[in-house]
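Heads up: the structure comes next, in C-alpha cells.
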Amino acid sequence: MFVIPFKGLKEENHQFEFKIIKEFFEVYQYDDVYDADINVHLNFNKKSTLFELEFIANGSIQVACDLTNELFQQPVTSNLDLIVKFGDAYNDEDIDVLILPHGDYEIDISKFIYEMIVLALPSKRIHPGVKDGTLKSDILDKLKELQPKTTNNNISSDPRWDKLKGLLTDKDK
C-alpha cells in the first residue's frame, strides 16, 4: 500500500494520498498509539535523474498521558522533504537524501511516513485537561496529595535540605 512503482510514471508532479490508522504503527511494534487518524499527502515530483518527495501529515493520534495515563487525542502536523537519487547501492544514511540502486522500479515510503509522524509527537505527552485544570482523575488527586508542602513564602521546603541550609547560616556566625 505504501509502495510507489515509479518506473511507469511520467516526468512530472504526481499526487498521492494515504490514510494512517493504528494498524500502521503495529507493523513497527510502536505500542504507544491506541488509535490513529492521519492523512498524509505526498507530492511526488519525478525528474529525469532524481525524485523530489514532499510529505505533509495532518491528523491526530490517541496516546496515553505521561502523568495520568488517561487517553487523549494528540494533534499531529508534520512535513518531510526527501530527495531520491540513484547509485550503486541502497543508502539511507543521509536524513534528506535516499539513494536507490540503479534498476529499482519502486519505492517503499512507509518508513519515511512512520519516522515523520513519530518524530512529530512531543516527547512528554500531557493531557490537555491537566494543563487547563479540567481533568478529574484519581491519579492527579494523589499527585497533589503527595506534592511537597510549601512554606509561607511559597518556596518548597524539604526538611533534609533545611538542615543543610542551616550549615551555611551557621558558618556565617
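Note on PHE6 and ILE95: the model spin-label points, each 7 Å out from Cα along the C-beta direction, lie 2.1 nm apart. Within the shell of other residues whose beta carbon sits under 12 angstrom from the beta carbon of LYS124, the net charge comes to +1, with Lys and Arg scored +1 and Asp and Glu -1. Exceedance of the 30 Å cut-off in Cα-Cα distance is limited, within the set LYS7/LYS111; LYS46/LYS111; LYS22/LYS131; LYS47/LYS124; LYS19/LYS47, to LYS47/LYS124. With R₀ fixed at 30 Å, the C-beta to C-beta distance from ILE126 to GLU54 puts the FRET efficiency at about 0.45.
Listed by chain and number, the aspartates and glutamates whose C-alpha is less than 17 Å from the C-alpha of LYS85, apart from same-chain residues fewer than 8 away, are GLU11, GLU12, GLU52, GLU54, GLU93, ASP94, ASP96, ASP104, GLU106, ASP108. Amide H to amide H distances under 5 Å link ILE38 with ILE20, SER60, where only residues 5 or more positions off or on other chains count and H is placed in the peptide plane. Placing pseudo-labels 7 Å out from each Cα toward the beta carbon at LYS47 and GLU115 gives an inter-label distance of 2.1 nm. Once both labels are positioned 7 Å from their Cα atoms along Cα-to-Cβ, the gap between ASP35 and GLN62 label points is 0.3 nm.
With the charge dipole of the range 3-131 set up from +1 on Lys and Arg Cβ and -1 on Asp and Glu Cβ about the Cα centre, the Cα lying farthest toward the positive end among the listed residues ALA36, PHE51, VAL3 is that of ALA36. In a simple Cβ point-charge model (Lys, Arg +1; Asp, Glu -1; nothing else charged), the range 3-131 has a dipole of about 300 debye relative to its Cα centre.
Every number in this text was worked out from the coordinates using simple rules, so none of it is lab data. Predicted, not measured: the structure shown is a model, and the values here were computed from it. Glycine gets a Cβ as well: all are built from the backbone with ideal geometry, and neighbour counts include every protein chain shown.
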